[in-house]
Amino acid sequence: MARLLIVDDDDAFRETLAETLQGLGHEPVQAASGDQALALAARQRFAAVFLDHRMPGMDGLQVLAALRARLAHLPPVIVLTAYASSGNTIEAMRLGAFDHLAKPIKRQDVADVLARALRSADAVQAAPAATADGEEDELVGPSEAMREVHKRIGLAAASAAPVLVLGETGSGKEMVARALHRHSDRAGGPFVAINCAAIPKELLESELFGHVRGAFTGATSDRPGCFRAADGGVLLLDEIGDMASGVQAKILRVLQEGEVTPLGGHRTHKVDVRVVAATHRDLAQAVREGVFREDLFYRLDVLTVRLPPLRERLADIIPLAEHFLRRAAARQEGGAPKVLSAGAAQALLRQRWPGNVRELRNLMERCQALVRHRVLDAADLGLGNTAPAAPPGEAALPADWLQASLPEAVERLERQLIAHALARSQGNRAETARALGIHRQLLYRKLAQYGLA
């Protein structure tokens, strides 16, 4: 039996969770506010903490930061929220949360996360406070797959080790690298990105490590290179799988020694750079084929973030499309964002998106600029019949949905549809009920059931 602390200002939710924990054989202690939680934690030791994110006074992240500062050993903290976003998930994990769960939470979810927390020898160690989110770079997406990405970013941001970001072209690998930089203690330092596939291999070495004057024809002055430009910050090596083997060897030396030697020079320069490498290639296969250095692969493959393709993130497609429409409208003087009709939304969901998020962004920006009427219909998207059909037997559902039971999958879809309709109506519940085609009383029950009220 373990003593567990529940911190939540919602009396009904707190009591229900306490009953669940008691049923699992544990001793729950309840706190209705952050201040009360800190007072209890100062007097008693808890094996784990369930902490609500949104509370009056001190919010969950402030409580988490205070617990981390005041306790010699931070117990596993499970942050709970009905309003999950990339920012609060990343921040919770970066500040040392053991996990970050979206309400409503089933009994089995509680049992599973608690079992993992109690098995954990140490809670995730904390890191310094982060800077505010940048809207331009925010990783949008409420799907379970993206929430796992947000958690991985938060954990990686609290470390100094190299990070390997894997994902198809256009899936948002640079956005992951920028989020890592923004939420780490290097946020005040530079962020430098270089696409290794876009630069001829004979010039890539100079771009990365710099050169001295006279090193080659056209080198009329010294050039510091990307590693020295990123000193104190983060360097993204995008599409590192396309890098020539000779440059790979020099990258390995920088990672091992923390110093660079400019092309044509003899003097080394110390650099303090966190490397984030990204690729759409299977590096393990490239190692087996002898086209990527095994020692560099193992040096980079310390912390890995895998970005799922957009076709496996159905729940993210419409929120992303609306995000890109709003962003494009903000760049137009006096422009209002276009609105997706039901037909347009269905057309977007049927698309396979070989170009992933980048393809969707470009389509929405084109529609915002060229379509004259406010509401976008399916015909305005210009998708036609160009989208390749799903292979026989392959369902157009996220991979994790296919592993869930039918009731669980239905609940996920229902919750996301309601949250999406509520956001589009700007919180107008009568309009939300009409858009969903259900009675308002049923909507109220669903809002309470899914913690969206």
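The values are calculated or read from the model by the stated rules, or taken from the named source; none is laboratory data. Note that the structure is a prediction, hence the values are computed from the model and not measured. Methodologically, a virtual Cβ is constructed for each residue, glycine included, from the backbone with ideal geometry; neighbour enumeration extends over all protein chains shown. Remember, those area values only see protein heavy atoms, side chains included, never the ligands or the DNA or RNA. Shrake-Rupley method; radii C 1.70, N 1.55, O 1.52, S 1.80 Å.
Can you pull out the residues in region 24-35 that are in a helix (DSSP H, G or I) and either touching a residue at least 24 places away in the same chain (Cβ under 8 Å) or of a type in the set (A, V, I, L, M, F, W, C) (or both)? Scanning region 24-35 gives a single hit, Gly34.
Say whether the condition of being loosely packed, with under 15 Cβ neighbours inside 10 Å, within 24 Å of the chain's Cα centre (by Cα) and modelled with pLDDT of 75 or more is met by at least one residue in region 386-401. No, that holds for no residue. Against the list (1) among the small types (Gly, Ala, Ser); (2) modelled with pLDDT of 80 or more; (3) open to solvent by 10 Å² or more (accessible area, probe 1.4 Å), the condition Ala130 fails is (2). Checked across region 151-161, the condition of being part of a loop (DSSP other than H, G, I, E, B), modelled with pLDDT under 90, open to solvent by less than 20 Å² (accessible area, probe 1.4 Å) and within 16 Å of Val305 (Cβ to Cβ) holds for no residue.
Please work out if Asp10 is in contact (Cβ under 8 Å) with a residue 40 or more places away in the chain, open to solvent by 10 Å² or more (accessible area, probe 1.4 Å) and more than 27 Å from the chain's Cα centre (by Cα). So Asp10 fits the description; yes. Within region 322-358, the set of residues being surrounded by fewer than 17 Cβ atoms within 10 Å (Cβ to Cβ) and of a type in the set (Asp, Glu) comprises just one member, Glu333.
Of all positions in region 55-76, at least one carries a residue that is under 25 Å from His150 (Cβ atoms), open to solvent by less than 40 Å² (accessible area, probe 1.4 Å), of a type in the set (A, V, I, L, M) and in contact with a Lys or Arg (Cβ under 8 Å, 6 or more places away or on another chain). When Phe46 is tested against the conditions (1) surrounded by fewer than 19 Cβ atoms within 10 Å (Cβ to Cβ); (2) in contact with a strand residue (DSSP E or B) (Cβ under 7 Å, 6 or more places away or on another chain), the lone failure is (1).
Of the residues Ala65, Ala97, the single one that is under 23 Å from the mean Cα position of the chain (by Cα) and part of a helix (DSSP H, G or I) is Ala65. Filter region 437-452 down to the residues that are over 14 Å from Gln416 (Cα atoms) and outside any helix (DSSP H, G or I), then identify the one that is most open to solvent (accessible area, probe 1.4 Å). Filtering region 437-452 for residues that are over 14 Å from Gln416 (Cα atoms) and outside any helix (DSSP H, G or I), the one most open to solvent (accessible area, probe 1.4 Å) comes out as His439. Being loosely packed, with under 15 Cβ neighbours inside 10 Å and hydrophobic (A, V, I, L, M, F, W, C): is that true of Ala32 here? It is false that Ala32 is loosely packed, with under 15 Cβ neighbours inside 10 Å and hydrophobic (A, V, I, L, M, F, W, C).
Taking region 207-296 as the region of interest, the helices (runs of 4 or more DSSP H) fully inside it that hold 3 or more residues being open to solvent by less than 20 Å² (accessible area, probe 1.4 Å) are 245-257. The numbered conditions (1) in a helix (DSSP H, G or I); (2) at pLDDT 80 or above; (3) surrounded by fewer than 18 Cβ atoms within 10 Å (Cβ to Cβ) are all true for Glu411 except (2).
Filtered by the rule that a residue be at pLDDT below 90, part of a helix (DSSP H, G or I) and not hydrophobic (A, V, I, L, M, F, W, C), region 298-321 gives Arg311, Glu312, Asp316, Pro319.
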